[in-house]
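Inspection log for the structure reproduced underneath, given as structure tokens.
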Amino acid sequence: MTQAQALDILKLGHNVFLTGAAGSGKTFLLNSYINYLKKREVAVGVTASTGIAATHMNGVTVHSWSGLGIRDELNNKQLYEISKKSHVKKRFAKVKVLIIDEVSMLHDYRLDLIDHVCRYMKKNPLPFGGLQIILCGDFFQLPPVSREDEAPARFAYKARVWQKMDIKICYLNEQYRQSDQSLLDVLNAMRNNAVNETTLNYLRACYKRKILGSVTPTKLYTHNCDVDAINNRQLAQLKGATKLYQMQGNGNSVLVENLQKSCLAPQMLRLKVGAAVMFVKNNFENGYVNGTLGDVVGFDENKFPIIKTISGRMIYAKPESWQIEEDGFVKASIRQIPVRLAWAITVHKSQGMSLDAAEIDLSKSFEPGMGYVALSRVRTLAGLRLVGLNDTALQVSEEILQKDKELLALSQAGIQELRSLSIIEKIKKQTEYLNSITPTKAEQQEKKEKKIRKKRGATYEVTKELLSEKKSFAQIADERGISEGTIMGHVEKLLQRGDTLSLNHITFPEAKLAVIQKAFVQTKEFNLTPVYEFLAGQFSYNELRLARVLLISRGVL
């Protein structure tokens with residue numbers, strides 16, 4: 001099925017399982033449908049089974065979104081408690097469409113629990129409370145994780161609700177990551193459990209060979225313990241000064257913390273000239289995607305890294321934002337240089353990436369699908385150096401092989417059903433569905449008024465009012481459900497525009513303040529990073545920012 005056909009089926013309002021091989025454009029299609037809905041002000045729940053996958057779509061984990069959390073079961077009391085959470089209640093009052101990405105990693109019983117919550121919250125006995133539900137993933141990739149004391153994992157399609165939701169299968173067959181036919185032959189052989197001597201010869205040719213080009217290939221490992229040690233050791237061996245970049249967060253403190261944990265960009269990024277790095281965000285205009293490799297060759301006048309990619313392109317990397325959006329509003333955001341050290345990364349964290357060059361060790365593969373995920377990250381066999389392989393790495397689940405045939409057949413049936421509609425009938429049905437989920441004029445007006453109330457000027461005034469009540473930054477942040485950093489940002493803006501503020505109740509040791517003031521003066525900088533480096537990490541970024549606010553309020557900065 002093509003992306004255009006799948007998008008047509010989504011617009012008809014069907015419940016859909018969107019699947020396809022790695023690199024077939026599943027996340028791109030999801031984002032296309034999300035943008036289509038948002039332009040028409042339709043409330044859509046954007047979620048994924050993992051935090052990393054959720055960041056690719058400005059969403060949250062489905063566990064957080066639904067209010068389910070880490071529960072493995074639900075009783076009526078727990079459902080009632082979930083329904084009384086104001087943010088969950090508001091969410092379900094408006095939502096019309098729910099998207100769950102990377103569903104291959106979601107247990108069957110969890111999908112049933114999410115269905116239970118949706119039906120309870122929407123007061124509707126239909127599957128998922130009548131929401132359009134879009135599941136996305138590839139069952140050939142990593143399965144749900146089970147604890148040692150749990151029964152073997154069962155895939156989401158074994159959930160009771162799967163059989164009841166009249167789901168349409170959209171199996172994408174186009175390929176956007178790989179164009180190397182030899183690599184495609186290897187991956188297709190693995191998906192069809194048809195690995196033979198020809199497949200093995202392709203892989204043998206990659207065994208411990210040197211990858212051409214100046215950029216260091218990323219090492220992919222199956223276990224996390226190998227990764228951090230390699231990256232830290234390699235960085236320490238480079239000569240020259242270390243540049244530090246602290247991630248900045250704004251919005252609800254809990255959501256900011258979740259974003260920080262899920263984002264592949266580190267909270268504290270450490271770089272030197274010569275560091276091997278990987279971009280962890282898509283930015284087609286600036287010439288990189290999630291997985292683009294390069295080396296740091298210098299720093300610009302703003303001290304941001306200059307990265308030479310494997311293709312020889314020079315990219316001036318600047319901070320970018322990751323957000324959690326809901327109903328047209330940004331609930332939380334983080335900001336960081338969109339790169340991480342790339343001497344090594346885990347197979348798990350590589351999902352969704354397109355790597356130019358990789359050194360892959362699959363000698364410790366411990367579950368079917370792990371080898372497929374790792375090998376499908378690279379664009380060509382020329383970019384692959386294989387240093388280890390075991391039998392498990394080439395295996396895929398027999399159960400999934402049979403399920404895949406069924407999904408392909410159902411997808412073909414979906415194409416025929418779509419083709420049976422005339423263009424006029426198709427557009428009419430899509431329009432009818434869109435009209436059924438589009439907010440009323442009264443709801444649209446309410447949303448506009450809410451946006452007006454959310455304007456920056458208004459939020460600054462609220463902070464100013466709470467400061468006049470002698471509340472600390474921490475108290476204000478807690479009361480407003482946003483971070484202390486955001487509150488300090490408000491205060492800085494208020495001071496810059498000339499407002500008179502009394503900060504005498506904000507305490508900070510005078511001895512520390514004097515040291516920090518001297519550092520600001522000596523570095524002739526207003527930004528925090530140079531001062532942080534000048535003081536060799538003696539104070540945290542929050543301490544420096546608080547000191548800067550107090551020094552501004554006293555007129556000495």
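The values are calculated or read from the model by the stated rules, or taken from the named source; none is laboratory data. Everything numeric here is computed off the predicted structure, so don't read it as measured data. With ideal geometry, Cβ positions are generated from the backbone for all residues, glycine too; neighbour counts draw on all protein chains shown. Note: accessible area is taken over every heavy atom of the protein model, side chains too, but ligands, DNA and RNA are not part of it. Shrake-Rupley method; radii C 1.70, N 1.55, O 1.52, S 1.80 Å.
Side notes on the structure shown:
- Selection count, segment 321-354, where residues are aliphatic (A, V, I, L, M) and either without any contact (Cβ under 8 Å) to a residue 40 or more places away in the chain or closer than 22 Å to Arg270 by Cβ (or both): 8
- Search result, residues across segment 304-319 that are modelled with pLDDT of 90 or more and either farther than 30 Å from Asn224 by Cβ or not in a loop (DSSP other than H, G, I, E, B) (or both): Pro305, Ile306, Ile307, Lys308, Met314, Ile315, Tyr316
- Restricting attention to segment 523-540, the residues that are open to solvent by less than 20 Å² (accessible area, probe 1.4 Å), part of a helix (DSSP H, G or I) and among the aromatic types (Phe, Trp, Tyr) add up to 0.
Residues are listed down the side, and each one gets a yes or a no for (1) open to solvent by less than 10 Å² (accessible area, probe 1.4 Å); (2) farther than 21 Å from Ala156 by Cβ:
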{"position": "Leu375", "(1), (2)": "yes, yes"}
{"position": "Gly383", "(1), (2)": "yes, yes"}
{"position": "Asp391", "(1), (2)": "no, yes"}
{"position": "Gln395", "(1), (2)": "no, no"}
{"position": "Asp404", "(1), (2)": "no, no"}
{"position": "Ser411", "(1), (2)": "yes, no"}
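- From the options Ala189, Ala205, Ala159, residue that is among the hydrophobic types (A, V, I, L, M, F, W, C), crowded, with 16+ Cβ neighbours inside 10 Å and touching a residue at least 24 places away in the same chain (Cβ under 8 Å): Ala159
- Among the residues of segment 90-105, at least one is open to solvent by 20 Å² or more (accessible area, probe 1.4 Å), of a type in the set (Asp, Glu) and within 21 Å of the chain's Cα centre (by Cα).
- Hey, Arg154 modelled with pLDDT under 95, open to solvent by 50 Å² or more (accessible area, probe 1.4 Å) and within 18 Å of Leu407 (Cα to Cα) or not: yes
- Thr27, sole failed condition from (1) open to solvent by 10 Å² or more (accessible area, probe 1.4 Å); (2) part of a helix (DSSP H, G or I); (3) touching an Asp or Glu at 6+ places or on another chain (Cβ under 6 Å): (3)
- Lys77 vs. criteria of a type in the set (D, E, K, R), in a helix (DSSP H, G or I) and in contact (Cβ under 8 Å) with a residue 24 or more places away in the chain: no
- Here Thr222 meets each of (1) in contact (Cβ under 8 Å) with a residue 40 or more places away in the chain; (2) open to solvent by 30 Å² or more (accessible area, probe 1.4 Å) with one exception, condition (2).
- Just one residue in the set Gly25, Gly13, Gly20 is over 20 Å from the mean Cα position of the chain (by Cα) and either at pLDDT below 95 or not charged (D, E, K, R) (or both); that residue is Gly13.
- Residues that are surrounded by fewer than 17 Cβ atoms within 10 Å (Cβ to Cβ) and outside any loop (DSSP other than H, G, I, E, B), drawn from segment 281-303: Asn283, Val297, Gly298
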